[in-house]
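Heads up: the structure comes next, in structure tokens.
The values are calculated or read from the model by the stated rules, or taken from the named source; none is laboratory data. What you are looking at is a predicted structure, and each value in this text was computed from that prediction instead of being measured. Reconstructed Cβ throughout: ideal geometry from the backbone, glycine too, with neighbour counts over all protein chains shown. The accessibility values were calculated without ligands, DNA or RNA, using every heavy atom of the protein model including side chains. Shrake-Rupley method; radii C 1.70, N 1.55, O 1.52, S 1.80 Å.
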Amino acid sequence: LAILPFRTTGPSNDVQWLGEGMVDLLSVSLDGFAGWRTVHPRTVLARATSAAELSDVAGAARVARSTGAATMVLGSAVALGPQLRLHADLYDVASGRRLTSVDAVGTVALPGPVVDSVAVGLARGRLARHPVGGVRSPYEYATTSAPALRVFLLAEQLARQGDFEAAAESLQRTIAIDSTFGLAYYRLYVVSSFSGAPPGGGRFDLTRTIRAALRHSAGLPQRQRDLLAAVDLQHRGLVTEALHRADDLGRHYPDDAEAAYVQGEAYYHLGLFVGESPARGLAAFERGIQLDPGLLENYNHPIDFRIWMGDTAKAWALVRQGRRIAPHYSVLQALELALRVGLENEPPNVAFGRLGPADTLDVLRRSLLEALRGFDIEPARAVATVDTLAAALADPGAPRATRPQFLLVRATMRMTQGRYRAADSLLAEARALDPSGWLTRATMAVLELSSQRRAGVVRSAARNLDQETDEAARFFALTLDLLAAELDGDTTEASTALRQCPEDLFPEYCAAWRHALAGIAAAAHLIDPALRSGLTDALTIVPYTVLATP
């Protein structure tokens, strides 16, 4: 791309400098932006020896062609009193065809924001022809900040390489530059749910992210607003509304890979709980892959669906296809590891050696979740696979800092088998390594609940966890309180704890807790109609991040 000197009109002291100045300013703004490489300003200015050469498109094209450029920008800068008006045209050098035009208005005293607007407009024109992040309307890049759009496009490239953590960091930088960029919030929500490192470190911050996206969605096209509304309903766990909105997306945007992803997510995370067939979610995800094979978000759940259906050949085909596109994508590496250990009975170290370059701990940790999801329809296989993988991470030769969490996983697997003594032995190892960790104490409470069923001990553990600063620990405390209430029929203390439920983040979840508590209280007093009513109301809301069960 060659930026040619702009024509200037107005007081010479005000705008004349922008003639050659725009070459420098736009070259810096557009180099590496939307896939462009700009010709160095000195090269352009050395070739553009006279204004006459730039007076028509054909003459300017000869100058641009001599620098090796395939496209060029011609423009004008006009000063009218304090007002600055910039106009820029992007041309194809070979044909002389105008590709896009941009107008921007600002002040002579502050030309930077006007130049930014021109850069963004030119980039949008290019993105309409050469998409970076899949097929997207240029109007969805609703920012006037060139730096913000530049970093956003970098994030999209990182996401398509499977580096979701780096993409999330880039999107956070995007929002720091332009806090009103609604599309950036939406993408931050999506990529953070895959990165393993949501902004701020937890799902509570994902809630804040999606709400910020909705606050800044007014300037977005209808399609983007529809996507935001759909993921909001999903995250809030409103099953019926989320499924209806997901189906609307599928009908309104049948050729849109992002809409297919959002529809598939609704059926995977929520639809299965109300008896929907796995085929509904599978069809959406695989439609998304067909429409845009590079949108990696569509890959992992259809692999789960295929395994549940017994079609392991298709599951492997999806793993291989996704890994060809993004060899280092940790979620697909984790899925492959889980399949090799769970289906092929390979030892973890052998299976891991087949993956190629990988972040060992991240992939191994994620493989536990993928094994639970992928083999959910065969609980014995799921438990055995998770235990085998966790054993490799809890081995005495593993780093001391990471061993406790995987010992806890192994202890939990023993509890699912009713092997409480073995679970207690693993918990003792974890306590020795991390005596004060809240997750260790929480797992001990679960063991107490499962094996001894002593409500008083469980309530004491809940009170202890409720003092933690970690929001997840406090939610765990609520869970223990409710389970203890179920044991002894005393819901007073649980009701007190529920006053701490973060209404500002999860009003629907807090309502579901209260309905569940009412149902438990009714059960304790054998009031069947109230029991049915309370628990039915509670189950209309499903935490989006809970493990899906076919």
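Some notes on this structure:
- In the range 406-437, the residues that are open to solvent by less than 70 Å² (accessible area, probe 1.4 Å) and farther than 19 Å from Q452 by Cα: F406, L407, V409, R410, A430, L433, D434, G437
- If you check V331, V363, V383 for being open to solvent by 10 Å² or more (accessible area, probe 1.4 Å) and in a helix (DSSP H, G or I), only one passes: V383.
- One residue stands out in the range 314-328 among those that are in a helix (DSSP H, G or I) and open to solvent by 60 Å² or more (accessible area, probe 1.4 Å): the one that is nearest to R366 (Cα to Cα), namely R320.
- The single condition among (1) modelled with pLDDT under 85; (2) within 30 Å of I210 (Cβ to Cβ); (3) surrounded by 19 or more Cβ atoms within 10 Å (Cβ to Cβ); (4) of a type in the set (G, A, S) that A442 does not meet is (1).
- Within the range 489-514, the set of residues being open to solvent by 20 Å² or more (accessible area, probe 1.4 Å) and at pLDDT 75 or above comprises P507, E508, A511, W513, R514.
- Extreme residue, farthest from D292 (Cα to Cα), among residues of the range 139-152 that are open to solvent by 10 Å² or more (accessible area, probe 1.4 Å) and of a type outside the set (S, T, Y): P147
- The test for being modelled with pLDDT under 95, open to solvent by less than 40 Å² (accessible area, probe 1.4 Å) and not in a helix (DSSP H, G or I) holds for E346.
- Every condition in (1) open to solvent by 20 Å² or more (accessible area, probe 1.4 Å); (2) touching a His at 6+ places or on another chain (Cβ under 6 Å); (3) not hydroxyl-bearing (S, T, Y) is met by G162 except one, and the failing one is (1).
- Members of the range 1-30 that are farther than 26 Å from T107 by Cβ and either in a strand (DSSP E or B) or not aliphatic (A, V, I, L, M) (or both): A2
- Scope the range 1-32; condition over 17 Å from G112 (Cα atoms) and open to solvent by less than 20 Å² (accessible area, probe 1.4 Å); matching residues: L1, A2, L4
- The range 94-115 residues that are within 22 Å of A2 (Cβ to Cβ), paired with ones that are open to solvent by 90 Å² or more (accessible area, probe 1.4 Å) and basic (K, R) (beta carbon under 9 Å, 6 or more apart): A94/R65; L99/R129; T100/R129; D103/R85; A104/R85; V114/R85
- Looking across the range 369-380, the residues that are crowded, with 22+ Cβ neighbours inside 10 Å and either among the hydrophobic types (A, V, I, L, M, F, W, C) or closer than 17 Å to M415 by Cα (or both) come down to A371, F375.
- Hits in the range 224-260 - residues which are among the hydroxyl-bearing types (S, T, Y) and either in contact (Cβ under 8 Å) with a residue 40 or more places away in the chain or in contact with a Ser or Thr (Cβ under 6 Å, 6 or more places away or on another chain) (or both): T240
- Residues (in a helix (DSSP H, G or I) and open to solvent by less than 10 Å² (accessible area, probe 1.4 Å)) located in the range 167-186: A167, A168, S170, L171, T174, G182, L183, A184, Y186
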